[in-house]
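All remarks here apply to the structure that follows.
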Amino acid sequence: MEQLNGLVVENLSKTFYSSEGYFTAVEDVSFTLNDGEFLVILGPGRSGKTVLLNMIVGIEEKTGGRILYNGKEKTGIHPDFGMVFQSLSLMPFKTVMENVELPLKLRGVSKKERRKTAQHYIELVGLNGFEKSYPHELSGGMKQRVGIARAYTANPKVLIMDEPFGQLDAQTRYAMQNEILRIWEAERRTVIFVTNNIEEACYLGDRIILLSDCPAKVKAVYPIDLPRPRNMVAQEFLRIRTTISDNTDLAI
Amino acid sequence: MFSNATKRTTTQKIIYIILPILSLLLIVMAYAFVQRKLPMLLPDAAGLWNRFTKTFTNPIKNVNLIGHILASLRRVMIALAFAWSLGILFGVLIGWNRVFKALFGSIFELFRPIPPIAWIPIIIMWFGIGEFPKILIVFIGSFIPVVINTEDGIRLVEKEYIDVGRVFGANRTQLLMEFVVPTALPAIFAGIRTSVSSAWTVVLAAEMLGADHGVGALVTRGWNAGDMALVFVSIICIGIIGAILAYVLNKLEKVVSPWNN
């Protein structure tokens, strides 16, 4: 039976063609996204995770399979889908406020109203006082918070995060993991979070989809039933982590 | 440690103030040396100064030196106003729209390598030697660098910025105005900077070939009359004005794009 609510990905594939031949980045990936879920997609190195996400969000053409959203085939961009990008991709010429309110500005929301919504999310990510700063004046962690606030301001039902903490140092990364859980618990959006870090995956996810290395295929699915906040050195946590680790392809 | 570090930066500061003065002094000394040895090639300092003051007491064509400078600057400003507005518009269109690029790109490539000065005979034959033909020549010289830089800036905007816009639902116009053009601003500004130095060069060339007023006209007049001092006074003015223009533009860039320093 087909699920009518939410997102269903069926046999999604992507093959790139070039003069040197073809290259499959994503092969036959299928999964269902549950409402309100924090789904982690875990894959080694450059395993085609970003390509998979870009297809789901609609900025990359798929070459096989289909994506169903609320029972209908999804092609292209959909306003219910938001994204936090891998590289920060904030507009350097816009202040924090202008970056965060941008999605609403594009929709023609009045300045007063979009400022109010943007302010809410700026506060939620803990950036009050930095509304007038430019991205180059912020630290890596703060920039990433701006990216998260911007994605939330668009009011997406499904929030897709592409290795958002990949460029942060370890300390900031731990702090941001807790932040993202706090924001997720406050806002309860469905999240697809992509990472190559097993510990991060186990710490954050309700469920982990493990991808194989190039082409990306679903290798295994792990539901994580541990209560939050999770303890990264608890025995149960380490057991799950080891299981996944043993099953992961080594990235070169 | 700390005081040591600050001390070093003050010494460095002083050095960086002294060095340009030193190089200027060297040039002046070299000039004085050559002038002493070969007085028929270069006017001496007193001669230069007298010629300079004479441009005020005894104006050429009823206009003093400042007036000639303003005449040149006026031509440059009018030409730049058109070159910037039309050049940015044209550059954005061929950088953004493939149809437009296909239509006009190759014509532009054909015009691009022609030095602006090469247009002078044609334009004088068509329009004579009034104000309009001079401004037109300066326009041609400054329009081209604006278009080239704008087009490059638009074309080289990173795909991810455009992806951000698309994910958040921007339409084509919004993509262009909110993401692409602002991202390309530093490149556009580079074009503007080149256009100013090009305009300043071209206006002098245009004036040298026939004008009553303008710094370029002074150079030609000095040349024809064997008045070496006038030529040198004019050339020094040209250099100083060019340097001031470059300085103003640098400051302006910091105001226009505060994120870019």
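Computed FRET efficiency, Cβ-Cβ of A:Arg66 and B:Lys37, R0 60 Å: what is it to the nearest 0.05? After rounding, the FRET efficiency stands at 0.10. From most to least packed by mean Cβ count within 10 Å, the peptides B:170-178, A:145-153 give A:145-153, B:170-178. Cross-link candidates for B:Lys61: which lysines have Cα within less than 19 Å, leaving aside residues fewer than 8 places away along the same chain? Correct list for B:Lys61: B:Lys134.
Please work out the FRET efficiency for the pair B:Met29 and A:Gln171, using the Cβ-Cβ distance as r and a Förster radius of 56 Å; give the result to the nearest 0.05. Before the final figure, lay out each step's value.
Details: r = 59 Å, r/R0 = 1.05.
It comes out at approximately 0.45.
Which order do peptides B:146-157, A:113-124, B:240-251 fall in by mean Cβ count within 10 Å, highest first?
Packing proxy ranking, top to bottom: B:146-157, A:113-124, B:240-251.
Work out, step by step, the length gained on full extension between B:Ile17 and B:Arg172: first 0.36 nm times the residue separation, then minus their alpha carbon distance; give nm to one decimal.
Stretched fully, the B:Ile17-B:Arg172 segment lengthens by 50.8 nm.
Enter the mean number of other protein chain beta carbons within 10 Å of the beta carbon of each residue in B:169-176, as an integer.
Partner-chain Cβ atoms within 10 Å, mean over residues of B:169-176: 3.
Between A:Ala234 and B:Asn50, the simple label model (points 7 Å from Cα in the Cβ direction) yields a spacing of 9.8 nm. When you restrict to C-alpha pairs under 8 Å that are six or more residues apart and normalise by the size of chain B, the relative contact order lands at 22 percent. Of the residues A:Val9, A:Gly147, A:Gly43, the one whose Cα sits farthest toward the positive end of the charge dipole of chain A, with +1 on the Cβ of Lys and Arg and -1 on the Cβ of Asp and Glu, is A:Gly147. Given the pairs A:Lys72/A:Lys219; A:Lys49/B:Lys159; A:Lys74/A:Lys112; A:Lys74/A:Lys94; A:Lys94/A:Lys116; B:Lys13/B:Lys251, which are separated by over 24 angstrom at their Cα positions? Listed pairs above 24 Å: A:Lys72/A:Lys219; A:Lys74/A:Lys112; A:Lys74/A:Lys94. Pop the C-beta distance of A:Phe23 and B:Ile122 into the FRET formula with R0 = 60 Å and round what comes out to the nearest 0.05. With R0 = 60 Å, the Cβ-Cβ based efficiency is 0.65. In terms of packing, defined here as the mean over residues of other Cβ atoms within 10 angstrom, the peptides B:138-145, A:46-53 line up highest first as B:138-145, A:46-53.
Nearest 100 Å² is fine: what is the total accessible surface buried where chains B and A meet, probe 1.4 Å? Its buried surface, counting both partners, is about 1900 Å². Working from Cα pairs under 8 Å separated by at least six residues, relative contact order for the range A:78-212 is 32 percent.
Couplings 3J(HN,Hα) for the range A:148-155, derived from phi with the Karplus relation 6.51 cos²θ - 1.76 cosθ + 1.60 (θ = phi - 60°), are 5, 4, 4, 5, 5, 4, 5, 6 Hz, where x marks Gly and Pro. Values of log10 I(q)/I(0) for chain B across q = 0.16 Å⁻¹ run -1.17, by the Debye formula with one identical scatterer at each alpha carbon and no solvent.
Pick out which of A:Ala154, A:Ala234, A:Ala25 has the largest mean-square fluctuation in a Gaussian network model of chain A, springs linking Cα atoms closer than 10 Å. Greatest mean-square fluctuation among the candidates belongs to A:Ala234.
Spacing of the modelled spin labels on A:Asp246 and A:Asn11, each 7 Å from Cα toward Cβ, amounts to 3.4 nm.
Net charge of the neighbourhood of B:Val256, taken over other residues with C-beta under 15 Å away and scored Lys/Arg +1, Asp/Glu -1, is +3. Across peptide A:151-158, the average count of Cβ atoms from other chains found within 10 Å of a residue's Cβ is 1.
If the viscosity is 1.567 mPa s and the temperature 4 °C, what translational diffusion coefficient in µm²/s does Stokes-Einstein give for the range A:43-202 when Rh comes from Kirkwood over Cα pairs? It diffuses with D of about 79 µm²/s by this estimate. With a cut-off of 10 Å between beta carbons, the residues surrounding A:Phe237 carry a summed charge of +1, where Lys and Arg count +1 and Asp and Glu -1.
Out of all DSSP beta bridges with both ends in chain A, state the antiparallel percent to the nearest 5. Looking only at bridges with both residues in chain A, the antiparallel portion is about 50 percent. Between the C-alpha center of the range B:189-261 and that of the range A:117-141 there is a gap of 45 Å.
Shown in residue order for the range B:49-58 are the 3J(HN,Hα) couplings computed by the Karplus curve 6.51 cos²θ - 1.76 cosθ + 1.60 at θ = phi - 60°: 4, 4, 5, 4, 5, 5, 5, 9, 6, 9 Hz (x for Gly and Pro). Our coupling estimate for the range A:176-190, obtained by passing each phi through the Karplus curve with A = 6.51, B = -1.76, C = 1.60 and θ = phi - 60°, is 5, 4, 5, 4, 5, 5, 4, 5, 5, 5, 6, 10, 6, 8, 7 Hz, Gly and Pro reported as x.
If you average the sequence gap of Cα pairs under 8 Å that are 6 or more apart and divide by the length of chain A, what percent do you get for the contact order? Please list the in-between numbers first.
Numbers: 477 pairs, mean separation 67.3, N = 252.
For chain A, the relative contact order is 27 percent.
Charged neighbours of A:Asn155, selected by a Cβ distance under 14 Å, balance to +4 (K, R count +1; D, E count -1).
Counts of other chain beta carbons within 10 angstrom of each beta carbon in peptide A:97-106 average 3. The chymotrypsin sites (Phe, Trp or Tyr not before Pro) found in the range A:29-87 include none that occupy coil by DSSP while having at most 13 further C-beta atoms within 10 Å.
Sequence-distant or interchain residues sharing an amide H contact under 5 Å with A:Asp249, placed H: which? Under 5 Å from the amide H of A:Asp249: A:Asp213.
The values are calculated or read from the model by the stated rules, or taken from the named source; none is laboratory data. A quick note: this is a predicted structure, and the numbers were derived from the prediction, not measured. Cβ atoms come from the backbone with ideal geometry, glycine included; neighbour counts cover every protein chain shown. What goes into the accessible areas is simple: the full protein's heavy atoms, side chains included, and nothing from ligands, DNA or RNA. Shrake-Rupley method; radii C 1.70, N 1.55, O 1.52, S 1.80 Å.
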